[in-house]
Every structure is written in structure tokens, then in C-alpha cells.
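Report on the structure given below.
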Amino acid sequence: MAEENVKPPHRGLKKGLYVIPTLFTAANVAMGYLAVLSSIRGFQLSAEDPHLAASYFNSAGIAIGLAILFDTVDGRIARATRTATEIGVQFDSLADVLTFGIAPTALVYAWAIAPAFREGTFGHNLGVFLLFAYLMCGAFRLARFNLQATRPAKLVEGATKVDKKAFVGLPIPPAGGLLAALVHFSPMPLSSFGEPAASFYAYSLLGLIAALSILMVSTIRYTSMKTAGSGRQGFFLVLAIAAIAMFIWFYSQYALLALAAVYVSHGLIWWIFRLIGRVFRPAVPVEEA
């Protein structure tokens with residue numbers, strides 16, 4: 001019996017397509033790595049040269065912003081080329097823990113917490129605790145997403161089913177992106193504003209970090225943008241992206257902060273509107289048999 005010439009899977013061009021999403025994920029990791037290094041260097045210079053330290057903090061914020069771009073592109077390429085794999089999902093989440101979990105916490109600590117509070121004080125200890133809580137909530141959010149992505153069937157009673165149009169809980173990239181956008185908006189170490197103002201800004205930032213942590217582990221739904229651009233929406237999406245890109249190019253400090261704030265808040269706002277709608281919805285009378 002003649003042996004059949006069976007073509008191995010993933011050979012040639014198809015095999016090369018599997019590498020492309022991985023390269024963008026690797027770029028995501030590289031941006032997180034550079035952000036951590038820039039945060040460390042900025043912290044070292046924050047006391048002796050605040051302006052030079054601000055340039056390092058700004059570089060770290062930009063690196064995290066670029067990582068969001070790479071993280072978005074790798075998923076879209078994997079879906080478009082049908083090269084999504086389980087190992088790719090795990091690799092992407094590990095990259096997100098570094099770039100949007102560890103890197104933002106290192107940046108916020110070096111830029112705000114350590115310059116504003118002396119070590120051992122209440123503010124410093126609270127800052128370390130809330131940054132750790134942010135990191136843990138982000139890791140839990142990614143673990144929950146991976147479980148839903150790889151096993152979309154209902155696992156236990158009450159488990160949330162996968163909805164491709166929405167994320168359950170705030171994704172960690174926009175959470176880390178908002179913190180990076182704040183640093184990009186005002187990269188000077190908080191200590192340069194004076195002790196009273198630095199303490200006020202630092203406590204306000206800690207409140208934001210606590211809110212982001214809660215939103216990540218909540219069941220509030222956030223649009224995934226995965227179906228954007230389908231059908232006739234494609235042309236308008238291209239125009240919107242072009243307009244946003246121009247706005248970012250000329251006014252990056254305001255544009256990035258506004259975009260991050262709008263995305264982080266839109267899920268919470270819609271949740272509040274839906275809650276109010278349920279409260280004031282008129283009761284439907286039950287007809288007697």
C-alpha cells in the first residue's frame with residue numbers, strides 16, 4: 001500500500017502567520033520592560049534633577065501607551081489570520097501582567113508615592129498596599145478572562161458566559177493606560193509641587209487606583225471593540241481612527257488622557273443607567289387566572 005503524502009500542518013506561509021502575533025506580543029513585553037527601567041532611573045533622579053526624572057517618567061508612560069497598541073494589534077491579527085492558539089492567549093496574558101500590571105505600579109510608585117510620602121508613613125504604606133491590590137486584581141482579571149476564552153462553556157452554576165462584544169470587568173490594559181496617561185500629562189515628580197500639594201495629589205491618585213482595582217474584578221461590562229469596523233462601519237471607523245491619530249499627534253497629553261478616561265468610565269456610566277432603569281421600571285401587573 002502506497003504511503004500517502006500528508007502535508008504537515010502550519011507549513012510555509014501558514015506557519016509564518018503564527019509568528020506575527022507573537023512578535024507583537026514580544027514588543028508588548030519589551031515596552032513593559034523599558035517602562036520599568038525608565039521608572040527606576042526616574043526615581044533615582046527625582047530628588048537631584050526633577051526635570052530629567054520627568055523625561056524618564058514620560059518615556060515610561062509612552063512605552064505603556066505603545067504597549068496598548070501592540071496588545072490590540074496582536075489580537076486582531078490572530079483573529080484575522082485565524083492563528084489564535086491557547087499558548088498565544090497565555091503568552092499575551094503573561095505579557096499584560098508585566099506591561100499593564102507591574103510596569104504601571106512601578107511607575108506610579110516612583111513618580112508619585114515615593115516622592116510624596118516618606119518611607120514608613122501612613123501614606124507610603126497605604127500606597128504600597130493599594131498598588132499591590134491593583135496588581136492582584138489585574139492578575140485575577142486576566143486569569144478569569146483566560147478561563148472564559150479557553151473554556152467558554154458554562155463551568156459552574158452562575159458563571160458568566162463569553163460575550164465577544166463586551167468584556168466582563170475593566171480590562172487591565174486601559175486601567176494601566178489611564179495611569180500612564182496621567183504621568184504623560186504631568187511627568188514631573190509630585191514632590192516638585194510642594195509637600196501639601198504632593199500629598200493631596202497622591203491621595204487622590206490612590207483613590208483612583210482603588211477604583212480601578214474594583215472595576216477590574218467587577219462584573220461591569222465594557223465594550224470590546226472586536227466587532228467595530230464590520231460592514232459599512234469600516235469606512236467611518238477609518239475616518240475616526242485618522243482623526244484620533246491626528247489629535248494624539250498634536251495634543252498627546254490631552255488626547256491620551258481623555259481617551260483613557262472615557263473608556264474607563266463608560267462601562268461604569270452605562271451600568272449606573274441600567275441600574276436606574278431597573279429601579280424605575282414600572283412593574284408589570286400579573287394577570288389572575
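For the reader, a short list of remarks on this structure follows.
- Residue list for region 82-99, filter: buried (at least 18 other Cβ atoms within 10 Å of the Cβ) and among the acidic types (Asp, Glu): ASP92, ASP96
- Here LEU179 meets the list (1) modelled with pLDDT under 95; (2) of a type in the set (A, V, I, L, M); (3) in contact with a helix residue (DSSP H, G or I) (Cβ under 8 Å, 6 or more places away or on another chain); (4) assigned to a helix (DSSP H, G or I) almost entirely, failing just condition (1).
- In the set (1) within 19 Å of GLY177 (Cα to Cα); (2) surrounded by 15 or more Cβ atoms within 10 Å (Cβ to Cβ); (3) in contact with a Ser or Thr (Cβ under 9 Å, 6 or more places away or on another chain); (4) at pLDDT 90 or above, MET136 fails one condition alone, (2).
- ASP163, sole failed condition from (1) farther than 18 Å from LEU268 by Cβ; (2) at pLDDT below 95; (3) out of contact with any Gly (no Cβ under 9 Å at 6 or more places or on another chain): (1)
- Count of residues meeting criterion [farther than 20 Å from ILE209 by Cα, of a type in the set (Gly, Ala, Ser) and either exposed (fewer than 14 other Cβ atoms within 10 Å of the Cβ) or at pLDDT 85 or above (or both)] in region 221-275: 9
Here is a yes/no grid of residues against (1) hydrophobic (A, V, I, L, M, F, W, C); (2) farther than 24 Å from SER224 by Cα:
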site	(1), (2)
GLU48	no, yes
ASN58	no, yes
ALA67	yes, no
ASP71	no, no
ALA80	yes, no
GLY127	no, yes
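- Residues that are touching a residue at least 60 places away in the same chain (Cβ under 8 Å), in a helix (DSSP H, G or I) and hydrophobic (A, V, I, L, M, F, W, C), drawn from region 185-212: PHE185, LEU190, ALA198, ALA202, LEU205, LEU206, ILE209, ALA210, LEU212
- Within region 66-81, considering residues that are surrounded by 18 or more Cβ atoms within 10 Å (Cβ to Cβ) and either of a type in the set (Lys, Arg) or touching a Pro at 6+ places or on another chain (Cβ under 7 Å) (or both), the one farthest from SER252 (Cα to Cα): ALA78
- Qualifying residue in region 21-36 (condition: over 23 Å from GLY88 (Cβ atoms) and either in contact (Cβ under 8 Å) with a residue 60 or more places away in the chain or touching a helix residue (DSSP H, G or I) at 6+ places or on another chain (Cβ under 6 Å) (or both)): yes
- Of all the listed residues (ALA60, ALA78, ALA95, ALA47), the sole one being touching a residue at least 40 places away in the same chain (Cβ under 8 Å) and not in a helix (DSSP H, G or I) is ALA47.
The values are calculated or read from the model by the stated rules, or taken from the named source; none is laboratory data. No experiment lies behind these values; they were computed from the predicted model shown. Every residue, glycine as well, gets a Cβ built from its backbone with ideal geometry; the counts of neighbours run over all protein chains shown.
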